[in-house]
Amino acid sequence: ARIIAFVPHPATFAILCDLMRDFPSVSLINKAVGDVPGQLTLYDFRFSDGSTQASLSYSAIALYSDDIVTHSVNCVTIDDFMAESGIDRIAFLKIDTEGHDLSVLKGARNALRDRKIDMIQFEFIPANIATGATMRGFFDVLDGYRISRLCLNGDLLPLQPYDVKRCEIYVTHNLIATPRGGTE
């Protein structure tokens, strides 16, 4: 499989470059992914710079600490990257952006509209409270996709149709989205 990994944090990017040097099918790109291209600020914990919780949201990091460090990062959209790279289809899109997963999907509007992404894994986590992302927002941007909660045993629990009581649960969980068929 060809793997393209966007890694905006400079420390994490350097570590992954070293670890992946013997894997030619893995391309590492030192950029963030979002809804608009340009320069953004990545926030992380000063005491653990390079953490797994680095986020484009100051508020998401500030939920846990006020001792924060920043990094200037470049951002690209999925749609722009696909067009510039000549990529027509994405088999699996894994998103783990600490509260900005919805932003990544908004930057893939064309690919989603044209069903050019076969499967999407994304997170719904407490950082979404800080960024204002709701499951309603995910349902809106993933119109035409079936959304399911990924259970710990690997099963998928369908969430359609949207129901505020079943969907707006701000605990860490992973979700899977796949294109719906023509009759659904």
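In the stretch 43-161, which helices (runs of 4 or more DSSP H) lie fully inside it and hold 2 or more residues that are modelled with pLDDT of 95 or more?
78-85, 101-106, 109-113, 135-141
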If you go through the stretch 126-154 one residue at a time, how many are open to solvent by less than 20 Å² (accessible area, probe 1.4 Å), hydrophobic (A, V, I, L, M, F, W, C) and either in contact (Cβ under 8 Å) with a residue 40 or more places away in the chain or farther than 22 Å from residue 111 by Cα (or both)? 1
Residue pairs meeting the criteria (Cβ under 7 Å; at least 6 apart or on separate chains; first in a loop (DSSP other than H, G, I, E, B), in the stretch 1-22; second open to solvent by less than 50 Å² (accessible area, probe 1.4 Å) and not hydrophobic (A, V, I, L, M, F, W, C)): 9/44; 9/50; 9/71
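Per-residue answers, yes or no, for (1) within 22 Å of residue 140 (Cβ to Cβ); (2) touching an Asp or Glu at 6+ places or on another chain (Cβ under 7 Å); (3) of a type in the set (Lys, Arg):
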| residue | (1), (2), (3) |
| --- | --- |
| 29 | no, no, no |
| 53 | no, yes, no |
| 69 | no, yes, no |
| 84 | no, no, no |
| 102 | yes, no, no |
Looking at the structure I just gave you, is residue 35 closer than 18 Å to residue 125 by Cα and touching a residue at least 24 places away in the same chain (Cβ under 8 Å)? no
Residues being more than 20 Å from residue 34 (Cβ to Cβ), among the small types (Gly, Ala, Ser) and in contact with a strand residue (DSSP E or B) (Cβ under 9 Å, 6 or more places away or on another chain) - total across the stretch 125-180: 2
Residue hits (the stretch 45-73; open to solvent by 70 Å² or more (accessible area, probe 1.4 Å), within 19 Å of the chain's Cα centre (by Cα) and of a type in the set (S, T, N, Q)) are 52, 72
Out of (1) surrounded by fewer than 13 Cβ atoms within 10 Å (Cβ to Cβ); (2) of a type in the set (Phe, Trp, Tyr); (3) touching a Ser or Thr at 6+ places or on another chain (Cβ under 8 Å), what's the single condition that is false for residue 23? (3)
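The values are calculated or read from the model by the stated rules, or taken from the named source; none is laboratory data. If you're wondering where the values come from, they're calculated on a predicted model, not measured in any experiment. Virtual Cβ from ideal backbone geometry, glycine too; neighbours counted across all protein chains shown. Heavy atoms of the whole protein, side chains included, go into the accessibility calculation; ligands, DNA and RNA do not. Shrake-Rupley method; radii C 1.70, N 1.55, O 1.52, S 1.80 Å.
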